[in-house]
Amino acid sequence: MNRMALVQIPEDQLDRVATSFIKAASGYSCYISIARDGHCINAKSFLGFLSLMREGGTVELSAEGADAEAALETLAGILEK
């Protein structure tokens with residue numbers, strides 16, 4: 001399952017959003033990844049998240065597993081706030 005999300009996180013809020021995102025992603029059993037500009041990271045990786053989210057723009061969230069749909073909905077909601 002895939003979902004696009006438009007990310008516009010102010011730099012001063014990046015750590016807070018990263019923490020919320022990783023905590024939420026870790027609550028799901030499915031595998032979740034984030035891709036942008038040819039780079040793909042495990043969505044449960046704090047450092048990976050920071051490396052991709054320093055700049056705004058569109059990312060692709062992907063999830064595989066039983067709770068994939070719920071995970072994508074929740075995580076896209078965090079990114080698009």
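The values are calculated or read from the model by the stated rules, or taken from the named source; none is laboratory data. Computed from a predicted model, the values in this text were never measured in an experiment. Ideal geometry is used to build each Cβ from the backbone, glycine not excepted, and the neighbour counts take in all protein chains shown. For the accessible areas, the whole protein counts, side chains as well, though only heavy atoms, and no ligand, DNA or RNA atoms are used. Shrake-Rupley method; radii C 1.70, N 1.55, O 1.52, S 1.80 Å.
A few remarks follow.
- You will find that of 30, 40, the residue that is closer than 22 Å to residue 73 by Cβ and open to solvent by less than 10 Å² (accessible area, probe 1.4 Å) is 30 and no other.
- Selection of first residues in the stretch 12-36 that are within 14 Å of residue 52 (Cα to Cα) and without any contact (Cβ under 8 Å) to a residue 24 or more places away in the chain and of second residues that are open to solvent by less than 20 Å² (accessible area, probe 1.4 Å) and not in a helix (DSSP H, G or I), restricted to Cβ pairs under 7 Å at least 6 apart or on distinct chains, gives an empty result.
- Taking the stretch 1-10 as the range and being touching a residue at least 24 places away in the same chain (Cβ under 8 Å) and more than 20 Å from residue 67 (Cβ to Cβ) as the test, the residues that pass are 6, 7, 8, 9.
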